[in-house]
Amino acid sequence: MSDPSHGNLEKYLYPKSNYKWEDAPDPAKFSECVHCGMCLEACPTYQQTGLEAHSPRGRVYLIKSVAEGKLTLNDFFADPVNTCLDCRACETACPAGVQVGALVEEARGQLYKEDPPAGLRGVLHKIFLRGLFPYASRMRKLSLLTRWYQRSGVRFIARKTGLLRILPKHLQEMEQALPNLTTKPVLGRIHERLAPFGLKRAKVAMLTGCVMDAVFADINEATVNVLRHNGCEVWIPPSQSCCGALHVHAGDRDTAKQLAKQNIDTFLSDDIDAIIINAAGCGSTLKEYGELLKSDPEYADKAHLFAEKTVDVSSFLDRLGLIPPKGRLELTVTYHDACHLAHAQGIRVEPRRLLEAVPGVQLVPLPDSDRCCGSAGIYNLTHPEMAGELLDRKMNDIPDGCDAVVMGNPGCMMQFMVGVVRHNRNEQIMHTIQLLDLAYRGEETSTEAERAEHSKASRSQAS
Ligand code: SF4
Ligand code: SF4
């Protein structure tokens, strides 16, 4: 429950604060920092720059300085705040439990109002955050348009004539790395409640995610299939919206709140056991709706209830007790910890347990598996240099002999796909659920010979 006196206390403690708008960085969060520096080596931007201002401790200090009136919301403040990946690696390392990610998001909210994004950032915000992501129908059209682009021969002409060179380098790489969109978005296509295969164990609703459903609808289909194999009745509410994660990360909290309210009204309209999400970035934001809407008298409690019901699909299956697939996949894979699964939600062992439950799969460790890959929402578009350096480090860490790199977040998947193209690698980039789905589909084949054929097909898909 929110505390209505909180804002007044803030003004009393920090009368000279230069934060002017609602949701200012919370003193209860920044005053916990004891400046011990144990977070420094965990921070990718500090590792890359060696600058204190670009470390978690430095950022917390700057955020506090604005509250104390020692600093204004100027460029000196904005640069370190905006270059933070919001990866939360510092939170895992911090013994005092300082919520650096939330502080940075709140600080960005103030910057967003003080000085709305301009230039390339402004254009990206307008096109993607305000114009596309909040509208499922537009995302669906974008997905269909991309399918047409890939299939009609326009892509061939665009590549052949060098037309794509007008795009920034990272967008060119993304275009090259984008998988062929073979599946239409599931939101609005699958209306009916899908019955479980076998005995019913749970009744769940699934949030499809805007980018996930537009680019990786096959993963959403795989998620539905795996859930049904595990005894779940699955509902995909048609009136759901984008979760607002990218808006929170960018500081556009007003839009994020509108989207959160739409999802709360939609998902709490039925008595379900869990709200399932298969994208780490979305899941982390959904679980923080209570914090986002803490000052909203109508939604604060509902937001907490929503957050309690939200669970990442890997964690849900692990908790429910996975019905192990019988289909065999002869694959060597490594697992990348998406920041918003490992650091923000503490989900590390569950996906690995699921992968190890697939017959034939050999899981090999990825060094520094929870170091950010540089994707971080639209960070790879707004800060391509830093994102590129982090991606290169990540690609160099992939152990030899892997058929696939597996993870649980669409943003990371896109970033790794760019890495595969850039580094001329062969690894397949897969979601944990895709691998499970392949194994369940494999068990539907009846004979040994067919299983062997399926395993061979999976290997060729993963190479
Ligand atoms: S954020 Fe945490 S780890 Fe970093 S300096 Fe402050 S107390 Fe120490
Ligand atoms: S969230 Fe990531 S980039 Fe930002 S301060 Fe923490 S460790 Fe550094």
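The values are calculated or read from the model by the stated rules, or taken from the named source; none is laboratory data. Here the structure is a predicted model, which is why all the values come from computation and not from measurement. Quick reminder, even Gly has a Cβ in these numbers, built from the backbone with ideal geometry, and neighbours come from all protein chains shown.
Key figures
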{"quantity": "The range 51-62 residues that are closer than 13 Å to ALA89 by Cβ, paired with ones that are aromatic (Phe, Trp, Tyr) and within 8 Å of ligand 2 (Cβ to nearest atom) (beta carbon under 6 Å, 6 or more apart)", "calculated": "SER55/TYR46"}
{"quantity": "Single match in ALA202, ALA256, ALA260, ALA274 (criterion: modelled with pLDDT of 95 or more, in contact with a His (Cβ under 8 Å, 6 or more places away or on another chain) and at negative phi)", "calculated": "ALA256"}
{"quantity": "Residue match in the range 231-238 (condition: among the hydrophobic types (A, V, I, L, M, F, W, C), under 19 Å from VAL311 (Cα atoms) and part of a loop (DSSP other than H, G, I, E, B))", "calculated": "yes"}
{"quantity": "Pairs with Cβ under 8 Å, 6+ apart, first in the range 73-94 and farther than 11 Å from LEU62 by Cβ and among the acidic types (Asp, Glu), second within 14 Å of ligand 1 (Cβ to nearest atom) and not in a loop (DSSP other than H, G, I, E, B)", "calculated": "ASP86/GLY101; ASP86/VAL104; GLU91/VAL100; GLU91/GLY101; GLU91/HIS343"}
{"quantity": "Subset of the range 92-127 [within 19 Å of the chain's Cα centre (by Cα) and either crowded, with 18+ Cβ neighbours inside 10 Å or among the polar types (S, T, N, Q) (or both)]", "calculated": "THR92, GLN99, VAL100, GLY101, ALA102, LEU103, VAL104, GLU105, GLU106, ARG108, HIS125"}
{"quantity": "Single match in ALA245, ALA274, ALA250 (criterion: touching a residue at least 60 places away in the same chain (Cβ under 8 Å), in contact with a Ser or Thr (Cβ under 9 Å, 6 or more places away or on another chain) and over 24 Å from CYS87 (Cα atoms))", "calculated": "ALA274"}
{"quantity": "Condition met for THR92 (more than 16 Å from ligand 1 (Cβ to nearest atom) and touching a His at 6+ places or on another chain (Cβ under 9 Å))", "calculated": "no"}
{"quantity": "Unmet requirement for SER55, which otherwise passes all of (1) within 19 Å of ALA387 (Cα to Cα); (2) out of contact with any Leu (no Cβ under 7 Å at 6 or more places or on another chain)", "calculated": "(2)"}
{"quantity": "Scope the range 51-79; condition away from ligand 1 (no atom under 16 Å from the Cβ) and not hydroxyl-bearing (Ser, Thr, Tyr); matching residues", "calculated": "VAL66, GLU68, GLY69, LYS70, LEU71, LEU73, ASN74, ASP75, PHE76, PHE77, ALA78, ASP79"}
{"quantity": "Matching helices (runs of 4 or more DSSP H) fully within the range 51-122 where at least 2 residues are more than 11 Å from ligand 2 (Cβ to nearest atom) and of a type outside the set (A, V, I, L, M)", "calculated": "56-67, 75-83, 100-114"}
{"quantity": "Qualifying residues in the range 199-220 (those that are free of Cβ contacts under 8 Å to residues at least 40 places away in the same chain and of a type outside the set (Ser, Thr, Tyr)) - the one surrounded by the most Cβ atoms within 10 Å (Cβ to Cβ)", "calculated": "LYS200"}
{"quantity": "Filtered residues of the range 264-296 (kept if among the polar types (S, T, N, Q) and surrounded by fewer than 24 Cβ atoms within 10 Å (Cβ to Cβ))", "calculated": "THR266, SER269, SER295"}
{"quantity": "Residues of the range 16-37 that turn out to be exposed (fewer than 15 other Cβ atoms within 10 Å of the Cβ), within 14 Å of ligand 2 (Cβ to nearest atom) and either aliphatic (A, V, I, L, M) or within 18 Å of ASN74 (Cα to Cα) (or both), as a count", "calculated": "0"}
{"quantity": "Cross-chain or 6+ apart pairs with Cβ under 6 Å, the range 31-49 first and of a type in the set (Asp, Glu), then within 10 Å of ligand 1 (Cβ to nearest atom) and at pLDDT 95 or above", "calculated": "GLU32/ALA96; GLU32/VAL98"}
{"quantity": "Every residue from the range 33-83 that is more than 23 Å from ASP392 (Cα to Cα) and hydroxyl-bearing (Ser, Thr, Tyr)", "calculated": "TYR61, SER65, THR72"}
{"quantity": "Enumeration of residues in the range 13-50 that are part of a loop (DSSP other than H, G, I, E, B) and within 13 Å of ligand 1 (Cβ to nearest atom)", "calculated": "SER31, GLU32, CYS33, VAL34, HIS35, CYS36, GLY37, MET38, CYS39, CYS43"}
